1. Would you say B:Arg151 is in a helix (DSSP H, G or I) and touching a helix residue (DSSP H, G or I) at 6+ places or on another chain (Cβ under 8 Å)?
2. Which of the residues spanning segment B:362-390 are assigned to a helix (DSSP H, G or I), in contact (Cβ under 8 Å) with a residue 12 or more places away in the chain, of a type in the set (Asp, Glu) and more than 19 Å from B:Gly289 (Cβ to Cβ)?
3. Consider B:Asp299 carefully, then state whether it is free of Cβ contacts under 8 Å to residues at least 24 places away in the same chain and touching a strand residue (DSSP E or B) at 6+ places or on another chain (Cβ under 9 Å).
4. Does A:Ala48 satisfy the condition of being within 13 Å of chain B (Cβ to nearest Cβ), touching a helix residue (DSSP H, G or I) at 6+ places or on another chain (Cβ under 7 Å) and at negative phi?
5. Would you kindly identify the helices (runs of 4 or more DSSP H) lying entirely within segment A:1-77 that contain at least 3 residues that are closer than 19 Å to B:Tyr213 by Cβ?
6. Here is a check on your reading of the model: is B:Leu153 more than 14 Å from chain A (Cβ to nearest Cβ) and crowded, with 20+ Cβ neighbours inside 10 Å?
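The values are calculated or read from the model by the stated rules, or taken from the named source; none is laboratory data. Just so it is clear, the model here is predicted, and its values are computed rather than measured. As a convention, Cβ positions derive from the backbone with ideal geometry for all residues, glycine included, and neighbour counts pool all protein chains shown.
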Amino acid sequence: MTREEIYGKLNEVFQDVFDDEDITVNDATVASDVEGWDSLEHINLIVAVERCFGIKFTMGETTGLKNVGEMVDKIIAHLS
Amino acid sequence: MKQLEYPYDSDYILRKKKAIRRELLAREGIQYIDKRIAILGGSTTSDIKLILELFLLNYGIRPEFYESEYNQYYQDAVFGNPELDEFKPDLVFVHTTTRNISDFPKVTDTSEQIGAMLDETMAKFEQIWGALAERYKCTVIQNNFEQPFYRLLGNSDFTNIHGRLNFINRLNDRFCAYAQTHQNFFINDINYVSAVYGIKKWADPGDWYRYKYALSVSAIPDFAFNLARIIKAVYGRNKKAFALDMDNTLWGGIVGDDGPENIRIGHEDAESELYTEFQQYIKAHKDLGILLTVASKNDEENALAGLARPDSTLKQDDFLIIKANWDNKDINIANTAKEINIGADSFVFVDDNPVERALVEQQISGISVPEVGAPETYIDVIDSNGYFEVTGISEEDIKRGGMYKANMERAKASASFENYDEYLKSLEMKAEIKPFAPVYMARIAELTNKSNQFNLTTKRCSQAEIENFAADPSYITLYGRLEDKFGDNGVVAVSFGHAEGDTFHIDLWLMSCRVLKRGMEFAMMDELIAEAKSRNITKIKGYYYPTAKNKMVRDFYELQGFTKINEAEDGATEWILDLNEPHKSGNVAIKVN
């Protein structure tokens with residue numbers, strides 16, 4: 001899956017979890033850019049991302065994420 | 001909503017929960033009951049609350065939540081909390097898990113020490129439940145404990161008193177014993193739900209250490225659904241009856257084409273045995289008071305021939321009504337509902353044919369139509385939906401099928417009388433009309449939650465509330481039990497209200513439709529008036545609040561001799577009866593007390 005394809009699916013996950021069809025994310029997106037992305041919704045986001053890509057992040061991977069770009073890096077690492 | 005019925009897609013629910021909630025709230029014509037639910041958690045409960053809300057809304061229950069601060073379940077319950085007091089919960093859910101057990105046996109502990117550990121853990125929980133019952137007089141739901149995800153002693157963890165598994169099992173036994181001896185207390189059996197989910201996947205240490213969720217976030221829908229089943233049963237939202245297709249549902253093959261001798265039922269081959277197990281499963285519901293009916297496209301003769309096979313577990317006699325004809329099934333179910341006098345939405349319709357299922361689901365709003373697949377999935381799909389979740393098996397439940405049968409006999413008998421009063425007298429009716437008594441509290445609460453048609457205010461009450469009214473000296477409470485020569489109808493009428501000065505307000509007045517037109521409502525009013533007079537009350541005020549289902553009692557107070565004093569735009573009316581005026585009883589045939 002290319003980085004672009006991953007973003008295609010990732011945008012849908014964000015749109016569903018935050019219930020906003022207009023959300024699009026990119027490498028630089030951080031939590032404060034998305035309305036409602038607090039620590040509780042972060043949990044749902046991680047679970048939805050895991051389920052969407054059929055992967056399971058390790059605990060360490062999800063605690064230090066700086067932006068969406070890093071999340072995509074981790075997804076790619078799991079998929080390859 | 002199909003997305004919230006088993007087999008549902010947990011990932012979908014988690015991901016789309018906001019959209020699902022919007023959709024649920026946008027549905028029209030839903031008559032919600034509002035309930036205040038306090039969640040006292042020993043771990044994170046945020047998503048448990050949000051997903052639970054979806055399932056409850058789907059059951060027609062609109063919850064308002066109180067959520068304890070993280071891990072404050074013990075403090076909130078035992079010492080109270082002004083916010084929680086203010087909230088006045090109808091129901092408290094204590095969300096504790098194996099993660100909340102502070103002391104587990106060590107291999108060096110003696111049997112006495114482990115016994116003391118058990119006692120101490122149990123004492124802490126009994127303190128919680130006792131304090132909640134005392135302070136809030138409400139329903140309590142408590143998780144039991146899930147099995148640990150590792151076994152230090154291997155298989156001996158089960159048998160050795162030092163094993164965690166052994167310890168958990170002993171605790172669960174004690175929770176069970178407590179539940180057996182306490183009313184308004186229910187166990188949310190996460191021990192079972194987690195086993196079905198997979199104990200190791202359930203106990204996701206990552207989700208625990210990161211988020212302090214004591215169960216995997218992915219398991220929350222299964223958890224919340226199981227909990228919602230109990231809550232909806234407590235508030236009377238269970239289903240009441242099965243409407244069953246026959247061909248390829250109760251047996252393999254088509255009886256009209258294949259002939260009764262060739263359908264697959266009995267024990268001759270795998271398919272027959274499978275259908276036999278399903279018939280046994282259905283038949284076992286009779287003892288729970290669930291009514292069995294048939295809606296089958298068949299000639300009646302063929303349908304009965306199928307049931308007449310000696311190796312058919314279900315017999316003609318097991319069914320209250322059999323509609324085997326060529327009309328559309330939604331029409332047959334609607335007619336069956338009318339004949340038994342229950343709502344068509346209280347049926348569970350089981351049919352192997354997706355076209356029939358879609359039709360019935362579309363035509364009858366609120367009916368449950370499980371998406372059964374291959375015959376080997378029938379039991380699981382029906383059972384896992386928890387349509388008939390049991391919160392206590394009452395005498396009433398066991399007799400219910402028989403009572404509906406007796407009713408049909410009464411209907412036949414009435415046809416042979418020219419004068420209706422003569423018929424009523426021939427029934428030799430005897431009523432017991434008295435203040436709420438402890439043995440009937442569960443039944444009274446059940447009636448307030450189930451009765452829709454003969455119900456003036458449609459006030460829904462938990463058993464705890466009912467007990468409170470009974471104990472309050474400003475209240476008059478009455479239940480009515482009616483017996484006749486065909487049998488005992490059990491408790492069929494309930495009313496209560498409260499006095500303010502010399503005026504008595506009727507807060508609730510209901511009657512089971514199984515005793516319509518027998519004069520029971522007049523016998524009840526006589527008793528209420530007598531009791532009110534003995535308390536120096538001079539006026540009784542009655543209220544009628546219209547709903548989609550209670551039109552039949554629009555003129556109730558007029559028939560009882562009340563005078564209308566107010567009518568609101570929505571049709572709600574207020575009535576008054578002056579006790580200084582003579583009152584003529586409408587009861588002609590019931591002997592009371």
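1. no
2. B:Glu376
3. Considered against the rule, which asks whether it is free of Cβ contacts under 8 Å to residues at least 24 places away in the same chain and touching a strand residue (DSSP E or B) at 6+ places or on another chain (Cβ under 9 Å), B:Asp299 comes out as no.
4. Spelling it out, A:Ala48 is indeed within 13 Å of chain B (Cβ to nearest Cβ), touching a helix residue (DSSP H, G or I) at 6+ places or on another chain (Cβ under 7 Å) and at negative phi.
5. In segment A:1-77, A:39-53, A:59-63 are the helices (runs of 4 or more DSSP H) which contain 3 or more residues that are closer than 19 Å to B:Tyr213 by Cβ.
6. Spelling it out, it is not the case that B:Leu153 is more than 14 Å from chain A (Cβ to nearest Cβ) and crowded, with 20+ Cβ neighbours inside 10 Å.
Table: residues versus (1) surrounded by fewer than 16 Cβ atoms within 10 Å (Cβ to Cβ); (2) in contact (Cβ under 8 Å) with a residue 24 or more places away in the chain.
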| residue | (1), (2) |
| --- | --- |
| B:Ser111 | yes, yes |
| B:Asp119 | yes, no |
| B:Pro148 | no, yes |
| B:Phe175 | no, yes |
| B:His182 | yes, yes |
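Matching residues to (1) surrounded by 12 or more Cβ atoms within 10 Å (Cβ to Cβ); (2) within 12 Å of chain B (Cβ to nearest Cβ); (3) hydroxyl-bearing (Ser, Thr, Tyr):
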| residue | (1), (2), (3) |
| --- | --- |
| A:Ile6 | yes, no, no |
| A:Val13 | yes, yes, no |
| A:Asp16 | yes, yes, no |
| A:Asp19 | yes, yes, no |
| A:Ala28 | no, no, no |
| A:Val34 | yes, no, no |
| A:Gly60 | no, yes, no |
| A:Val68 | yes, no, no |
